[in-house]
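Readers should treat all values here as calculations from the given coordinates under stated rules, not as data from a laboratory. All of these numbers come straight from a predicted model, not from anything done at the bench. Cβ coordinates were reconstructed from backbone atoms using ideal geometry, including for glycine residues, and neighbour counts include every protein chain displayed.
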Amino acid sequence: MTQPEKNKKQSRDETRSKQLLAAYMTQGREKLTKFFDAHGISLPVLGVAMEQFTKSVFALPGGAACKEGCAYCCHLKVAISIPEALVIYNELAAQTTPEGFEALKDRVLGVAAGGDSLDEAFWLKTQTPCPFLDIDHNRLCLIYNLRPFSCRAYHSTDIDSCRKGFEQGCSTLIPCFPLYRATTDMYASIFTRVLAEKGFFSYQVGFIKALEILFTNGTASDQWLNREDVFKPAKLI
Ligand code: SF4
């Protein structure tokens, strides 16, 4: 294949990927809107929606360099939708013992106190691990089944790029499977958009800052469900 033919094929593939993504997005938004119309919007309903979306995430394609215990990307800023933060927090409260919950709270607040967790540079320069990374044991995610969509989406086909970014404390272009990444990230966008359409204060937030709000304000979930802008300090621009 000549170079112009290769370029043409690449451009056709990219157009097809964009069309596919747009179709998935529309389908997901319609489904979630209908689901909320039928069941209302509450913490349990958000939990079911997140569970269903999680089941829809495609398997990571073969050829990814990601391996158990490799956690370079767990030292980066994580952006999530507000419903994800609510569901994760709620599940942590339900699934852990009071002591375990307090320990997680300490870990989250410890990271939050270390600097501006909304700033990408904080993570890059300080190599701070996510509070849910079991750094002293096996470097696995303590909330693996509950993790945000952006964590599920993030992957790499070249571990050297990940290592380089981590060691040099700089933002690096990580080669990946773009369609897998976009279709997985899409679920957070669907949550954000549909809830904004339903009149909620809905935008992307920093994972740790949103959890800090939930751990320190026992009524934050209810306030948000009552359409108060309680997550504003965690808003990402
Ligand atoms: S939630 Fe889990 S997967 Fe996501 S950054 Fe934290 S440790 Fe890593």
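Okay, here's what the table says:
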read-out	value
Prolate/oblate/rounded call for region 29-111, Cα gyration tensor, a/c under 1.5 rounded	oblate
Mean ellipticity per residue at 222 nm, deg cm²/dmol - from DSSP H runs of n ≥ 4 across the chain, formula -39500 (n - 2.57)	-19000 deg cm²/dmol
Cross-link pairs beyond the 19 Å C-alpha cut-off, checked among LYS18/LYS55; LYS125/LYS164; LYS77/LYS235; LYS18/LYS67; LYS77/LYS209; LYS77/LYS232	LYS18/LYS55; LYS18/LYS67
Value in Å of the Kirkwood radius, where the chain supplies the Cα pairs that are averaged	19.1 Å
Theoretical gain in end-to-end length, ILE159 to LEU20 [0.36 nm per residue, Cα-Cα removed]	47.2 nm
Efficiency of FRET from Cβ geometry, LYS9 and ALA103, R₀ 41 Å, rounded to 0.05	0.20
At R0 = 25 Å, FRET efficiency that the Cβ-Cβ distance of LEU43 and GLU197 yields, to 0.05	0.80
Gyration tensor (Cα) of region 1-54, equivalent ellipsoid semi-axes in angstrom	39, 10, 5
Cα gyration tensor shape of region 149-188, rounded if a/c is under 1.5, else prolate or oblate by comparing a/b with b/c	prolate
Cα lying deepest toward the dipole's positive end in region 1-46, options GLN27, LEU43, MET1, charges on Cβ	MET1
Region 79-217: C-alpha gyration tensor shape, a/c 1.5 cut-off, then a/b vs b/c	oblate
Peptides 225-234, 126-135, 91-100 ordered by average Cβ neighbours within 10 Å, highest first	126-135, 225-234, 91-100
Highest-fluctuation residue, ASP119, ASP13, ASP185 considered, GNM on the chain with Cα pairs under 10 Å	ASP13
